[in-house]
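The values are calculated or read from the model by the stated rules, or taken from the named source; none is laboratory data. Computed from a predicted structure; not experimentally measured. A quick note on method: Cβ atoms are made from the backbone with ideal geometry, for glycine too, and the neighbour counts reach across all protein chains shown.
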Amino acid sequence: MGTDAAATDRPRTGSASGQKVVRVSGEMDFEHVRALTASLTAAVEQAPAGADIVVDLRYSSFCDSSGLNALLAARRRALRQGHRLVLAAPSHQMIRLLERTHTDILFIYVPALTD
């Protein structure tokens with residue numbers, strides 16, 4: 001995971017006005033969940049008060065239950081600290097996973113971010 005299509009890179013965090021962005025590429029699965037969790041945790045901890053935590057998924061190719069659990073934990077952490085966790089450009093597979101697990105109503109979806 002990272003800023004390119006390589007699944008072995010770490011997710012990258014950045015800031016935009018009123019939000020903290022975590023850019024994910026590659027797979028959000030058991031093999032990569034530690035890096036994803038670390039990046040999401042850092043984003044929540046570093047976000048300005050009231051800022052959205054935006055998970056940019058446009059380059060993410062797959063999400064399994066490990067990735068979903070990392071997103072759910074990050075959402076809980078964000079809410080406790082006064083933030084919203086927003087999913088940007090989730091794939092069809094990601095939306096289907098959320099629908100099948102009945103967690104789709106827990107997330108806010110937005111189109112792809114502009115660079």
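Odds and ends about this structure:
- Residue match in the stretch 81-96 (condition: of a type outside the set (Val, Ile, Thr) and on the phi > 0 side of the Ramachandran plot): yes
- Among the residues making up the stretch 90-114, those that are in contact (Cβ under 8 Å) with a residue 12 or more places away in the chain, surrounded by 14 or more Cβ atoms within 10 Å (Cβ to Cβ) and not aliphatic (A, V, I, L, M) are Pro90, Ser91, Thr103, Phe107, Tyr109.
- Tally of residues being surrounded by fewer than 21 Cβ atoms within 10 Å (Cβ to Cβ) and either assigned to a helix (DSSP H, G or I) or not aliphatic (A, V, I, L, M) (or both) across the stretch 64-89: 14
- Evaluated against (1) at pLDDT 95 or above; (2) loosely packed, with under 14 Cβ neighbours inside 10 Å, Gly50 falls short on exactly one condition, (1).
- Residues satisfying the stated conditions in the stretch 15-55, i.e. touching a strand residue (DSSP E or B) at 6+ places or on another chain (Cβ under 9 Å) and among the small types (Gly, Ala, Ser): Ser15, Ala16, Gly18, Ser25, Gly26, Ser39, Ala42, Ala43, Ala47, Ala51
- Of all residues making up the stretch 33-60, the number that are within 13 Å of the chain's Cα centre (by Cα) and outside any helix (DSSP H, G or I): 9
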